[in-house]
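A.B. asks: Shown below is the structure under consideration.
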Amino acid sequence: MGETSEDKPLVVGMAKAKVLLDCSNDQLYDLIKAGELDSYVEATRRKITTASIERLIAKRLAATAGEFQRCSKAPPKPSEETRRKIAAAKERKAALNDERAPPPNRRNARRGCRALLL
């Protein structure tokens, strides 16, 4: 059921290459510009060689040497100075919000007084 070398295409279009590499259009064009992928334009369609896709995958696997790597690192914890600055900014923002609070509605206040008098 696997593909033989006769069934395997020599080139694929951009859409198929994006699926094979699980990347976006921009990432694919960046790889082409960097010379990581071999491509050419036929009529109005860009074609990418499957050999260059396989070469890129092999290169990336060799770079990791089979070791597990996290996709992203946890963000660094802020320093004590940064935490103080954040807290001060939050206090300033809260103070500004208090100053900008709308004045009490006099009409509602009067109604409240009348309601209390009744």
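A.B. asks: Being basic (Lys, Arg) and assigned to a helix (DSSP H, G or I) is the filter; apply it to region 51-81 and report the residue that is surrounded by the most Cβ atoms within 10 Å (Cβ to Cβ).
C.D. replies: The selected residue is Arg55.
A.B. asks: Please work out if Lys47 is modelled with pLDDT of 85 or more and surrounded by 11 or more Cβ atoms within 10 Å (Cβ to Cβ).
C.D. replies: Here the answer is yes, as Lys47 does meet what is asked.
A.B. asks: Of the residues Leu20, Leu37, only one is in contact with a Ser or Thr (Cβ under 9 Å, 6 or more places away or on another chain), surrounded by 11 or more Cβ atoms within 10 Å (Cβ to Cβ) and not in a helix (DSSP H, G or I); which?
C.D. replies: Being in contact with a Ser or Thr (Cβ under 9 Å, 6 or more places away or on another chain), surrounded by 11 or more Cβ atoms within 10 Å (Cβ to Cβ) and not in a helix (DSSP H, G or I) holds for just one of Leu20, Leu37, which is Leu37.
A.B. asks: Give region 12-23 a look and list any residue that's closer than 22 Å to Leu61 by Cα and touching a helix residue (DSSP H, G or I) at 6+ places or on another chain (Cβ under 7 Å), or say none.
C.D. replies: Once the filter is applied, which keeps residues that are closer than 22 Å to Leu61 by Cα and touching a helix residue (DSSP H, G or I) at 6+ places or on another chain (Cβ under 7 Å), region 12-23 yields Val12, Ala17, Lys18, Leu20, Leu21.
The values are calculated or read from the model by the stated rules, or taken from the named source; none is laboratory data. Only a predicted model underlies this, so the values are computations on that prediction, with no experimental measurement involved. Because the Cβ atoms are built from the backbone with ideal geometry, glycine has one as well, and the counts that use them run over all protein chains shown.
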